[in-house]
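Colleague: Here it is, the structure, as structure tokens.
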Amino acid sequence: MKYLFIIICFVCSVFNQAQQKQDPWKDSQLMDPAFLASRIVKKKTKDLVIISVGPEAIIKGSVDIGPTHEPENLEKLRNYLKNIPKDKEIVIYCGCCPFVKCPNIRPAFGLLMEMGFKNAKLLNLPKNIKTDWLDKDYPTND
């Protein structure tokens with residue numbers, strides 16, 4: 001029984017490490033929702049591009065690309081980004097579901113890295129857009 005427990009712990013550890021290696025962002029590239037909301041409220045977003053890579057552009061001032069697990073929307077994101085300077089601050093978000101299950105943030109963030117964006121951020125919505133943004137009355141597109 002003790003060996004079975006050790007084997008289960010090992011398998012979980014390997015799976016967790018594989019999941020972490022799969023994420024194309026670093027912890028330092030996560031943006032706190034309260035910080036972004038504060039910037040929007042204070043109108044300090046002129047040097048910032050906010051992009052929704054999920055089903056809907058909910059956050060105020062964000063651009064709606066559509067779910068980037070769909071190849072045509074990932075290409076739409078690529079085309080949208082082509083004329084944006086590589087040092088521009090870009091924040092992407094989805095919020096359709098928890099990060100671990102989200103089919104949209106990894107392809108989108110991976111594309112930002114592939115295209116050489118130096119100041120790319122992922123909005124830290126670990127649960128979903130409702131819990132981590134809407135329920136806190138942060139600014140939305142009306």
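The values are calculated or read from the model by the stated rules, or taken from the named source; none is laboratory data. Just so it is clear, the model here is predicted, and its values are computed rather than measured. Note: ideal-geometry Cβ built from the backbone for every residue, glycine included; neighbour counts use all protein chains shown. Side chains included, ligands, DNA and RNA excluded: accessible areas come from the protein's heavy atoms. Shrake-Rupley method; radii C 1.70, N 1.55, O 1.52, S 1.80 Å.
Colleague: Among ARG106, ARG78, which is within 19 Å of PRO67 (Cβ to Cβ) and touching a residue at least 60 places away in the same chain (Cβ under 8 Å)?
Modeller: ARG106
Colleague: So is LYS44 open to solvent by 90 Å² or more (accessible area, probe 1.4 Å), modelled with pLDDT of 85 or more and either at negative phi or not aliphatic (A, V, I, L, M) (or both) or not?
Modeller: For LYS44, the condition - open to solvent by 90 Å² or more (accessible area, probe 1.4 Å), modelled with pLDDT of 85 or more and either at negative phi or not aliphatic (A, V, I, L, M) (or both) - is met.
Colleague: Limited to the range 109-120, what total is found for residues that are crowded, with 19+ Cβ neighbours inside 10 Å and either part of a helix (DSSP H, G or I) or touching a residue at least 40 places away in the same chain (Cβ under 8 Å) (or both)?
Modeller: 4
Colleague: Restricting the search to the range 92-101, which residues are farther than 13 Å from ILE65 by Cα and touching a residue at least 12 places away in the same chain (Cβ under 8 Å)?
Modeller: Residues satisfying the conditions are GLY95, CYS96, CYS97, PRO98, PHE99, VAL100.
Each row is one residue, and each column tells you yes or no for (1) open to solvent by 60 Å² or more (accessible area, probe 1.4 Å); (2) over 11 Å from the mean Cα position of the chain (by Cα); (3) at pLDDT 95 or above.
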residue: ILE6; (1), (2), (3): yes, yes, no
residue: ILE40; (1), (2), (3): no, yes, yes
residue: PRO55; (1), (2), (3): yes, yes, no
residue: ILE59; (1), (2), (3): no, yes, yes
residue: GLY66; (1), (2), (3): no, yes, yes
residue: ARG78; (1), (2), (3): yes, yes, yes
residue: ILE90; (1), (2), (3): no, no, yes
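Colleague: Tell me which residues, restricted to the range 20-60, are in a loop (DSSP other than H, G, I, E, B), out of contact with any Pro (no Cβ under 8 Å at 6 or more places or on another chain) and among the small types (Gly, Ala, Ser).
Modeller: Scanning the range 20-60 gives a single hit, ALA57.
Colleague: Restricting attention to the range 80-87, does a residue exist that is surrounded by fewer than 14 Cβ atoms within 10 Å (Cβ to Cβ), in a helix (DSSP H, G or I) and of a type in the set (S, T, N, Q)?
Modeller: No, there is no match, as no residue in the range 80-87 is surrounded by fewer than 14 Cβ atoms within 10 Å (Cβ to Cβ), in a helix (DSSP H, G or I) and of a type in the set (S, T, N, Q).
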